[in-house]
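A short worksheet on the structure shown next.
The values are calculated or read from the model by the stated rules, or taken from the named source; none is laboratory data. Just so it is clear, the structure is predicted and the values come from calculations on it, not from any experiment. Because the Cβ atoms are built from the backbone with ideal geometry, glycine has one as well, and the counts that use them run over all protein chains shown. Surface areas here come from the heavy atoms of the whole protein model, side chains and all, with no ligands, DNA or RNA. Shrake-Rupley method; radii C 1.70, N 1.55, O 1.52, S 1.80 Å.
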Amino acid sequence: MMRRRLAIALAGTAVLAVLAAGAWLLLGRDQPRPAVFRAEPTSALYAVIDSRQADTTPLTLDEVFTPATRALGPLSRVSAEQFDDCDEVLWGADAAGCTQALRATYTGPSGAGQFVIFNLPDGRSADALVAGLTKDGFVRQAVSFDPRHSRAAVRALGHYVTVSWAGAAGPKAATELVTNLIALDRLGHVVQSRVLAAG
């Protein structure tokens, strides 16, 4: 009898989890933004890849999301996708001339996060997207976490823009938020190899 009650209770919990996830997918994407946000324009460090003409090879999922990045600390990768239409991963901001956006989502015991990298024509376009994400819109939230307890870092790196966004499951789970954001932000190091190749 006890086992049956436990099974029923677990089944009920599973149903609630599915319903909560479904509700988030249908209702939770009401243009959420991070609670804390940091943005950086491109710099002279990325001058050799300030134009896509100097770095013509498209990014690949395997290049950005390597086997070594399946786990980032307590976070585990759930998905990795490439989009030819960058508007699919944006709301309220324009990524003029963007040819691809690569996105990965991660989940962990206390929260979740996502990383997106955009391939733009040049540094001016990258800086324009960073400015747009600062005031006009943001990337679409692709994994469930509470945006009210989230942080993001947006960087222009030559003709690329990276967006790292980490969120906690709630206020009590926010202790690892900065650590998770730093781990996600390291995915942007893929651009360093492009700098070395172009140099």
(1) without any contact (Cβ under 8 Å) to a residue 60 or more places away in the chain; (2) under 18 Å from residue 181 (Cβ atoms) all hold for residue 101 apart from (2)
Exactly one of 73, 111 is buried (at least 20 other Cβ atoms within 10 Å of the Cβ) and modelled with pLDDT under 95, and that one is 111
Note: among 129, 157, just one is under 11 Å from residue 39 (Cβ atoms), in contact (Cβ under 8 Å) with a residue 12 or more places away in the chain and more than 14 Å from the chain's Cα centre (by Cα), namely 129
For the stretch 33-45, pairs from a residue that is in contact (Cβ under 8 Å) with a residue 12 or more places away in the chain to a residue that is open to solvent by less than 80 Å² (accessible area, probe 1.4 Å) and polar (S, T, N, Q), with Cβ under 9 Å and 6 or more apart or across chains, are 33/150; 34/150; 35/150; 36/150; 37/134; 39/134
- Item | Filter result for residue 97 (on the phi > 0 side of the Ramachandran plot and of a type outside the set (Lys, Arg)) | yes
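Identify, please: which residue in the stretch 121-150 is assigned to a strand (DSSP E or B) and either touching a Lys or Arg at 6+ places or on another chain (Cβ under 6 Å) or of a type in the set (D, E, K, R) (or both) and is, among those, nearest to residue 104 (Cα to Cα)?
Initially, the stretch 121-150 is screened for residues assigned to a strand (DSSP E or B), giving 122, 138-139, 146-150.
Applying the additional criterion that residues be either touching a Lys or Arg at 6+ places or on another chain (Cβ under 6 Å) or of a type in the set (D, E, K, R) (or both) yields 122, 138, 146, 148.
On the way: 122: 23, 138: 16, 146: 18, 148: 21 Å.
Only one residue fits best here, namely 138.
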When the stretch 152-169 is checked residue by residue, the ones that are over 19 Å from residue 191 (Cα atoms), modelled with pLDDT of 95 or more and surrounded by fewer than 24 Cβ atoms within 10 Å (Cβ to Cβ) are none
When residue 161 is run through (1) in a helix (DSSP H, G or I); (2) within 17 Å of residue 45 (Cα to Cα); (3) not hydroxyl-bearing (Ser, Thr, Tyr), the failure sits at (1)
By residue number, the members of the stretch 38-65 that are part of a strand (DSSP E or B) and either of a type in the set (D, E, K, R) or over 21 Å from the mean Cα position of the chain (by Cα) (or both) are 38, 40, 51
Checking 126, 197 in turn, the sole residue that is crowded, with 22+ Cβ neighbours inside 10 Å and not basic (Lys, Arg) turns out to be 126
Picked from the stretch 58-70 (must be open to solvent by 50 Å² or more (accessible area, probe 1.4 Å) and of a type in the set (A, V, I, L, M, F, W, C)), the residue nearest to residue 114 (Cα to Cα) is 61
>> Residue under question is residue 99, and the condition is that it be among the polar types (S, T, N, Q), out of contact with any Phe, Trp or Tyr (no Cβ under 8 Å at 6 or more places or on another chain) and within 14 Å of residue 187 (Cβ to Cβ); does it hold?
In response: no
